[in-house]
Structures are given as structure tokens and as C-alpha cells.
Amino acid sequence: MANTSALGTVIRVVLAGVLAGAAVFNAGFAGHVVFGWPERNIGGILSEDKIREVFSAEKVAPGMYFFPDMNPDLPPEQRADQEKVLQEKYKQGPSGMLVIHPPGSALNMNQFLSREFATNVGCYLLAAWVVSLLAPQRSFATRIFVVMAISLFSWLSIVVSYGIWYRFTLPFVMDELFNALLEGAVGGLVIALIIRSTPARSLNSSESFAG
């Protein structure tokens with residue numbers, strides 16, 4: 001009997017995770033395409049051809065870069081002076097972060113979307129498993145809020161942290177919050193519908209039988 005119950009829980013968790021991931025994938029599409037979160041806060045550079053020529057001439061390798069930056073090979077006795085210069089450059093601007101992609105890497109939307117779908121399903125399989133560990137008498141709304149809390153945790157841990165250290169703009173960070181709330185609510189709703197709480201009457205009956 002216990003094995004049957006455990007198998008049923010596993011099936012519900014997998015089903016909830018896959019369906020919630022699919023629902024969140026579509027909610028994310030709505031967030032990006034309909035509302036423009038966060039693409040509406042990401043602009044282009046007017047003279048990008050000139051900048052690309054500079055990158056090509058400098059043979060900038062694929063990777064992530066800060067500018068201005070300090071030479072990591074400086075001896076310790078020179079670092080203090082260089083830090084002052086770096087601070088002044090930051091004050092004067094411009095400053096920022098660059099992500100250089102490998103040459104020849106095409107914008108393969110089918111690949112991007114399939115990977116995004118897979119990550120959505122993976123995330124909500126974990127969320128469904130967490131919800132399955134809740135006390136059986138937890139309400140429908142509580143199960144939804146738990147999934148939303150997981151989504152907010154991710155936003156705080158990753159996006160807000162990037163806003164602090166990598167200086168992502170506040171509008172970008174806030175748009176990611178809207179995405180997190182939307183996706184957490186949609187995924188939480190699907191999970192809460194599939195992983196239902198045990199009615200109090202059933203719990204009492206089980207306890208009476210055990211006694």
C-alpha cells in the first residue's frame with residue numbers, strides 16, 4: 001500500500017512539473033512578447049558597426065568583460081594607484097559589461113526555445129517536489145504561494161544580485177520581477193491543481209484506523 005502511494009506521488013509530481021513547465025513556458029512567451037519584459041529596457045548601439053570593427057581589430061576573444069578594468073598582473077605596490085585611476089574612470093564614464101559571443105554562432109531560435117522549455121520543466125519539477133512535501137492539510141492558496149515564493153527567491157538570489165554587482169538597470173530588474181511573479185503564479189496554479197491536499201476527513205479516518 002505504501003509503495004502504491006509513493007508511486008502515485010511520484011506520478012503526480014512528474015505530471016505537475018511537466019505541465020507547469022509547459023504553462024510557464026507560454027506565460028514567459030506572453031511576458032516577453034506581449035508585455036516586452038525585459039526586452040523593452042535593452043537598447044541597441046547606433047554605431048555598432050564601428051564598435052564591431054574595433055572588437056575584430058583587437059581580436060577580442062569570446063567571454064565576459066568589464067570596462068574600465070584593472071590589470072590583474074599589476075604588482076601589489078602599484079594596485080592602490082591603479083584603483084584610484086579606475087575609480088576616476090568609472091566616475092567619468094562610460095563603463096559597463098560586455099558579453100562577446102563566439103564567431104559563427106547563429107541565432108537559432110528553435111534551439112533557444114527548446115532549451116528554455118527544458119529549463120522551465122526542470123525548475124517546476126523541483127517546485128512540484130517541494131509542494132509534495134507540504135503538510136497534507138495545506139490549502140490550495142498556500143501551495144500556489146509556495147511556488148511563487150520559490151520564484152521570488154530565484155529573482156532575489158540571481159537577478160537582484162546581478163543588479164548590485166553587474167549594475168543591471170532598475171527597470172530591467174523590475175521587469176524580471178514581473179516575469180517571476182507571472183510565471184510563479186501560473187506554475188503554482190498548475191501544481192496546486194494536480195498535487196492536491198488530503199481532506200481532513202481522510203486524515204482523521206486514517207488516524208482512527210491506525211489507532
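For the range 59-80: of the residues being modelled with pLDDT under 90 and either of a type in the set (S, T, Y) or part of a helix (DSSP H, G or I) (or both), which is surrounded by the most Cβ atoms within 10 Å (Cβ to Cβ)? Going through the qualifying residues, I end up with R79. Checked across the range 152-167, the condition of being surrounded by 15 or more Cβ atoms within 10 Å (Cβ to Cβ) and in contact with an Asp or Glu (Cβ under 8 Å, 6 or more places away or on another chain) holds for at least one residue. Out of curiosity, is L86 closer than 27 Å to I164 by Cα and in a loop (DSSP other than H, G, I, E, B)? Spelling it out, it is not the case that L86 is closer than 27 Å to I164 by Cα and in a loop (DSSP other than H, G, I, E, B).
Residues considered: A141, A192. Of these, the only one that is over 13 Å from the mean Cα position of the chain (by Cα), within 22 Å of A27 (Cβ to Cβ) and buried (at least 21 other Cβ atoms within 10 Å of the Cβ) is A192.
For the range 53-69, a residue qualifies if it is in contact (Cβ under 8 Å) with a residue 12 or more places away in the chain and farther than 16 Å from Y166 by Cα, and the qualifying residues are F55, V60, A61, P62.
Kindly provide the set of residues from the range 148-172 that are in contact (Cβ under 8 Å) with a residue 60 or more places away in the chain and not in a loop (DSSP other than H, G, I, E, B), ordered by number. P171, F172, listed by residue number.
The values are calculated or read from the model by the stated rules, or taken from the named source; none is laboratory data. Please read all numbers here as calculations on a predicted model, not as lab measurements. Glycine also receives a Cβ, built like all others from the backbone with ideal geometry; neighbour counts cover every protein chain displayed.
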